[in-house]
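The values are calculated or read from the model by the stated rules, or taken from the named source; none is laboratory data. As the structure is a computational prediction, the values presented were derived from the model and not from experiment. Surface accessibility is based on the protein's heavy atoms, side chains included, excluding ligands, DNA and RNA. Shrake-Rupley method; radii C 1.70, N 1.55, O 1.52, S 1.80 Å.
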Amino acid sequence: MAMTDGVQLLIGTRKGAWIYRGDTARANWTVEGPIYLGEIINHLVLDPRDGRTMLMAAKTGHLGPTIFRSVDGGANWKEAVRPPAFPKSDDPATARAVEHSFWLEPGHPSEPDVWWAGTSPPGLFVSRDGGVTWDSVAGFNDHPMYPQWVPPDSGTPDGPLLNQIAIDPRDAAHMYLATSTGGVFESRDRGGSWAPLNKNVEANFGPDLYPEFGQDAHSIAIAPTNPDRIWQQNHCGIYRLDRPSDVWERIGKAMPEEIGDVGFSVVPHPRCADTAWVFPMDGTTVWPRTSPGGRPAVYRTRDAGESWERQDRGFPGEQAWFTVKRQAFCADGQNPLGLYLGTTGGELWMSDDEGETWREIASHLPEIYSVVATPL
């Protein structure tokens with residue numbers, strides 16, 4: 001994205017969706033919304049392949065969990081004809097119902113009508129018609145190991161999640177999943193089969209400290225300039241994986257001890273494979289899920305996790321107890337890079353200088369669940 005492009009921010013919240021549009025300097029913002037006021041919007045995503053189709057993962061009071069679709073940049077919306085749903089089962093032991101869709105992922109550029117969705121309880125779904133109809137992906141949802149990967153008593157305060165889908169930009173068949181119950185999984189046959197990818201990732205809440213699966217992968221991100229590098233923010237630390245290795249390295253140990261390396265999101269730099277950002281939260285024994293000490297800050301590495309630097313200029317210096325959820329931290333691709341994060345307190349913050357300084361561009365929104373930056 002060139003510096004002359006404007007930016008739009010697609011915001012999903014606990015009580016509806018909003019779209020913020022910034023000018024070419026990213027100095028002035030207009031707002032559209034609320035859209036579906038009162039409904040839970042977990043993810044709102046623009047299709048980068050056509051620049052106008054948007055999908056919205058919603059949980060509504062009257063329609064239940066569903067997907068809304070716009071083909072005119074958000075001006076008009078229609079519900080999916082067949083939203084994500086598990087196949088019906090008469091066996092109570094295997095019967096599942098989608099509680100909500102959590103993550104939406106546009107398909108590979110070579111597959112212009114394909115979308116993927118992750119749900120709670122953890123399920124993988126695919127649409128081959130631009131989001132109008134959705135099918136269960138049996139390779140994951142009906143895998144013989146599914147009951148072990150997704151035990152019924154596992155999950156987060158918002159339920160167990162298949163919370164991320166990432167596709168290798170070089171190969172549409174090569175995919176990764178992040179889950180809150182089993183950790184990271186990999187497929188090399190377009191979702192037909194899956195295997196855990198969790199070596200050396202800690203799970204300090206279970207009897208086995210380093211199990212084959214059972215980790216809580218909060219988020220993963222493929223480095224845009226080096227798809228063999230994957231970043232992970234986990235319940236138990238920050239990790240990096242450099243393929244073809246299948247062993248993760250815990251790079252969060254280099255974070256300041258008083259801050260720790262627990263958080264929900266990780267954002268890679270679109271032009272530098274060694275640079276990424278995280279937003280730490282308090283992961284002490286009571287797990288308050290707030291900024292450590294009430295002093296929020298972003299941390300940046302520019303050497304692949306060997307060291308981290310604190311970036312807090314503009315944030316409150318004290319008594320700011322928000323955090324940032326899995327989908328609520330992103331970058332815009334401009335030069336210099338713009339960073340955006342939405343908080344559990346309903347504030348929208350931005351940096352137009354790669355995290356050096358921050359300013360608040362919106363407040364008093366409902367709890368923010370997701371922020372996605374796209375070009376205008």
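Applying D = kT/(6 pi eta Rh) to region 211-274, where Rh is the Kirkwood radius over alpha-carbon pairs, T corresponds to 20 °C and eta to 1.002 mPa s, the Stokes-Einstein value obtained is 175 µm²/s.
Ellipsoid semi-axes for region 164-214, based on the Cα gyration tensor and the rule √(5λ), read 24, 9, 8 Å when sorted largest first.
Put one equal scatterer on each alpha carbon of region 53-174, apply the Debye formula with no solvent term, and list log10 I(q)/I(0) at q = 0.10, 0.11, 0.15, 0.17 1/Å to two decimals. Log10 of I(q)/I(0), two decimals: -0.31, -0.38, -0.70, -0.88. Largest first, the residues 325, 59, 199, 253 sort by 1.4 Å accessible area into 253, 199, 59, 325.
Phi-derived couplings, Karplus 6.51 cos²θ - 1.76 cosθ + 1.60 at θ = phi - 60°, listed residue by residue for region 233-238: 9, 10, 4, 10, x, 9 Hz, with x used for Gly and Pro. Any of 15/78; 15/88; 253/325 with alpha carbons more than 24 Å apart? Name them for me. Over 24 Å apart, Cα to Cα: 15/88. With the gyration tensor restricted to C-alpha atoms of the chain, the semi-axes of the equivalent ellipsoid amount to 28, 26, 20 Å, longest first.
Calculate what fraction, in whole %, of the accessible area of the chain sits on carbon and sulfur atoms when a 1.4 Å probe is rolled over the protein chains.
51
Mind checking the per residue accessible area of the chain for me, 1.4 Å probe, whole number of Å²?
40
Both radii are taken from the alpha-carbon atoms of region 1-115; with Rh as the Kirkwood radius, Rg/Rh is 1.04. Residue separation of residue 210 and residue 79 scaled by 0.36 nm, minus their Cα-Cα distance, works out to 42.9 nm of gained length. Computed from the Cα positions only, the extents of region 260-372 along the three principal axes stand at 35, 30, 23 Å, in decreasing order.
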